[in-house]
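The values are calculated or read from the model by the stated rules, or taken from the named source; none is laboratory data. Just so it is clear, the structure is predicted and the values come from calculations on it, not from any experiment. Positions of Cβ are backbone-derived with ideal geometry, glycine not excepted, and every protein chain shown enters the neighbour counts.
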């Protein structure tokens with residue numbers, strides 16, 4: 001089977017290597033306009049595979065480039081452009097996509113993060129036919145990976161990347177043999193937008209479970225969950241939570257203990273143990289302010305931030321409206 005791989009990063013590299021090793025022919029490679037690294041284009045050069053990097057993949061000129069390479073199938077793995085007609089239909093077996101989500105649910109972006117945040121028991125790795133919708137085409141192969149209690153974004157990302165080549169190979173082999181099974185998706189599903197700035201902030205009034213899931217969902221290589229201590233930003237990398245810990249009412253965000261493993265912080269229902277964190281300062285990252293985080297001190301809640309903003313606006317309004325004195 002001749003294929004063109006549209007992709008980026010480790011999972012695209014692993015899949016390209018696997019397909020070639022299993023006897024499929026790489027007719028071309030297409031990389032992102034702004035790739036996360038140079039690994040895919042470097043592998044293409046090493047294997048003497050024609051490589052393209054279109055600013056717009058849906059132009060007629062680029063469709064001609066794809067058509068000239070005569071692919072039997074086109075494959076998308078972490079490619080960042082929406083593919084439209086006629087590019088979708090140039091290859092006889094169409095365009096397929098490897099998606100890290102349990103379709104028809106978890107369509108869209110940042111699905112690994114959102115699955116952990118939502119306390120899902122597993123995450124799907126789905127290969128589906130691409131159509132005019134977003135992650136709505138017929139499912140060819142789907143594999144479920146369990147999310148363990150201590151799994152993080154980093155650990156799940158690695159596991160998903162490791163299994164993508166197997167799932168794509170299964171789909172491509174089935175297409176080549178004419179024995180693929182196409183399962184139409186129902187219209188009803190769930191869609192997630194990409195995470196953006198501001199999504200990483202912690203609301204200490206939420207439950208320990210929700211905060212714990214958010215911290216592990218945003219850990220490395222993600223940006224880290226964040227909170228405020230006075231005027232400083234604190235990045236929360238790892239935490240521990242035991243559902244059997246006592247539940248009681250107190251001020252959310254308060255540091256209620258310092259332990260050898262980290263800081264114990266009051267949440268909306270219980271406590272959470274912060275095991276790895278760092279303080280961001282204007283001069284760069286530092287953990288030197290950690291000793292200031294003593295028992296009885298308090299991280300800011302979203303309501304605190306809102307009240308401070310309201311006060312600042314009121315002071316600014318009063319200053320603007322103050323009569324001028326001559």
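Here are some notes:
- Taking the stretch 2-25 as the range and being closer than 17 Å to residue 163 by Cβ, more than 28 Å from the chain's Cα centre (by Cα) and not in a loop (DSSP other than H, G, I, E, B) as the test, only 21 passes.
- Pairs where the first residue, in the stretch 183-200, is loosely packed, with under 10 Cβ neighbours inside 10 Å and the second is in a loop (DSSP other than H, G, I, E, B), C-beta under 6 Å, 6+ apart: 186/104
- Condition check for residue 264: within 28 Å of the chain's Cα centre (by Cα), buried (at least 18 other Cβ atoms within 10 Å of the Cβ), part of a strand (DSSP E or B) and modelled with pLDDT under 95: no
- Some residue of the stretch 233-255 being modelled with pLDDT under 90 and out of contact with any strand residue (DSSP E or B) (no Cβ under 6 Å at 6 or more places or on another chain): no
- Test: residue in the stretch 239-260 that is assigned to a loop (DSSP other than H, G, I, E, B), surrounded by fewer than 12 Cβ atoms within 10 Å (Cβ to Cβ) and under 18 Å from the mean Cα position of the chain (by Cα): no
- Residues of the stretch 251-279 satisfying the condition of being on the phi > 0 side of the Ramachandran plot and without any contact (Cβ under 8 Å) to a residue 24 or more places away in the chain: 262
- Picking from residues in the stretch 26-51 that are touching a helix residue (DSSP H, G or I) at 6+ places or on another chain (Cβ under 9 Å) and part of a loop (DSSP other than H, G, I, E, B), the one that is nearest to residue 79 (Cα to Cα) is 32.
- Options 100, 92: the member that is surrounded by fewer than 18 Cβ atoms within 10 Å (Cβ to Cβ), farther than 20 Å from residue 41 by Cα and not assigned by TED's automatic domain parsing to the domain that holds residue 224: 92
- When residues in the stretch 76-106 are screened for being at negative phi and part of a loop (DSSP other than H, G, I, E, B), 18 of them pass.
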